[in-house]
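Structure, as structure tokens:
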Amino acid sequence: MRLSYPAPRSGLSGLQGNPTGHSTGGSSGASRGRALVAGLVLGGLALTACAGNRSVGAPGGDPTPTAGRGGRGAGAAIQPGAEMQGLYRGMGLISGIGAIPFVSSVSFLQSPTPDSTLTLVAMSLPARALGFTREDDRYAAVYVVRIELRQGGTLVRQLEAKETVRVPTFRETSRTDESVIWQQFLRLAPGRYGMTMVVRDEGGIRNAAEEVSIEVPRLAPGALGSPIAVYEIIPRGSADSLPRLLARPRSTVTFGADSILPVYVEATGADAPARVSARVVGEGDQVLWEGAVDLTQRGNLRSAVLPVPVANMGIGVSTLSIAAQGKADTVRTRLMVSLGDDLPIASFQEMLGYLRYFTPPDRLKGLREATPVQRAALWTEFLRSTDPLPGTPEHEGLRDYFARIRQANLRFRDDAQVGWMSDRAAAFLGLGDPDQIYDTGFNDGSMRARQQVWEYRAYRLQLVFQDQTGFGRWRLAPNQMSDLQNAIRRRLAGLP
């Protein structure tokens, strides 16, 4: 069996590769920040992140990669949270373990010949996982991606790509989001493969690896390919070319920052549908959104970009199904609306837990007890009634609140396993920064523990936190917890 692999500047039209492997930053109105494009410069324009994936299997099936072993790097690990890794794998993504927390997706489109399927492998990692060095007036990092595809004990394909990321400022090197993206198209014969993916930082000793089983489908003429979420794309004009897109391997958008998630849909051949319908389904098979889009004829294929509204998707993981009208052809992919890379939320109930310091308990009780059918309407009303600037597309109140949670995770990370759930974070999130902080230190030899006193003058409240261990693990005096909770309830109720 022979597999062909489109190298940069190959005979396939529609794609200009980056022969040097250098990365270029770009900007996008749809994205919440600039991504560092590694390995692809499309038509001279470095497209910025993001695109969704479909399953690591047949387009009509659920994402079901089978995780195998994962290599561990010897360097200082930058591990994603176990919750995030579990969420990514539950979405059908490849989440590598080791010192480089990469996330990868696999998508499938029509190939010019029936004996192969165009397969897109996309990988992302945070910039801070790489070892950057000064290079004139910029900073550069080099990493290597190695992919091996096997069938049984036979090595079918091996690819190794060495890429350079260059950024203009030191601040860019410490980004923790999906800031570096690598991708490659391959033509693979339909069938089951064992795929090993290894990412290595050339500037250090960090590396990570993962093994999964992927099912490459045989796409019949007229069948829908994988739905691919994109921020920017130039659709291809025929099946013997490549679409100019940049994938978002994590299939994730951020609440309050992204308004829509564009999803690329295409089908090839005379039987390609002229229109498709779409549905986003959340917990309990609740329909969160429905829509439809006409597919535009381009050469021998039809394609379109489906704009999925983020506000309708709800917090957590949902399933997008796209069906060809009048046919049984349906493709699916998993999508996630998160509160940020450091705030993993997989369900509506988890999201309500985060809101304990944002709104009164009785309002949360109504949302918590709502049936799946009632949630969409109640959540929409909740957003409307709590939005401080309803004339803007963004909910500034929730945006600022979740920014404080992230800040609490950093400021109080030594206080508890999760910073925002610590005693000091409860005061910070519930009442804001104190007017005054008094730290007793160890000046008074009669004290058994170091103390920190937070003063809130508006509430006539002094909170005493104690560090019994000497390692900065502050706990509120037990008899004061009720005082703090009463003050928080007064603030949420708008009382003095």
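The values are calculated or read from the model by the stated rules, or taken from the named source; none is laboratory data. In this text, all values refer to a predicted model and were calculated from it rather than measured experimentally. Cβ placement follows ideal geometry from the backbone for every residue including glycine, while neighbour counts extend to all protein chains displayed. Ligands, DNA and RNA are excluded from the accessible area calculation, which covers all protein heavy atoms including side chains. Shrake-Rupley method; radii C 1.70, N 1.55, O 1.52, S 1.80 Å.
Numbers at a glance
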quantity: Gained length - residue 480 relative to residue 399, 0.36 nm times residue gap less alpha-carbon distance; calculated: 26.2 nm
quantity: Rounded to the nearest 20 debye, dipole of segment 273-325 from Cβ charges on Lys, Arg, Asp, Glu; calculated: 300
quantity: Additional length obtainable on full extension of the chain from residue 439 to residue 113, 0.36 nm per residue less Cα span; calculated: 110.1 nm
quantity: Two-site label geometry, residue 270 and residue 495: point separation in nm, points 7 Å out along Cα→Cβ; calculated: 7.6
quantity: Peptides 235-244, 485-494 ordered by average Cβ neighbours within 10 Å, highest first; calculated: 235-244, 485-494
quantity: Separation of the residue 162 and residue 287 label points, Cα + 7 Å toward Cβ, nm; calculated: 5.5
quantity: q = 0.29 Å⁻¹, segment 191-254: log10 I(q)/I(0) [Debye, one scatterer per Cα]; calculated: -1.16
quantity: Burial order of peptide ranges 149-157, 293-301 (average beta-carbon count within 10 Å, highest first); calculated: 293-301, 149-157
quantity: Amide H within-cut-off set for residue 308, under 5 Å, with H built and near neighbours excluded; calculated: 261, 263
quantity: Mean Cβ count within 10 Å, highest first, over the residues of peptides 208-219, 460-471; calculated: 208-219, 460-471
quantity: Cβ-derived FRET efficiency at R0 56 Å, residue 349 paired with residue 296, nearest 0.05; calculated: 0.85
quantity: Surface share of carbon and sulfur [accessible, 1.4 angstrom probe, percent] for segment 87-131; calculated: 55
quantity: Anisotropy class of segment 160-272 from Cα gyration tensor, a/c 1.5 cut; calculated: oblate
quantity: Charge dipole (debye, nearest 20) of segment 364-496; +1 at Cβ of Lys and Arg, -1 at Cβ of Asp and Glu; calculated: 280
quantity: Cα shape, segment 84-141, gyration tensor, a/c 1.5 rule; calculated: oblate
quantity: Efficiency of FRET from Cβ geometry, residue 144 and residue 383, R₀ 41 Å, rounded to 0.05; calculated: 0.35
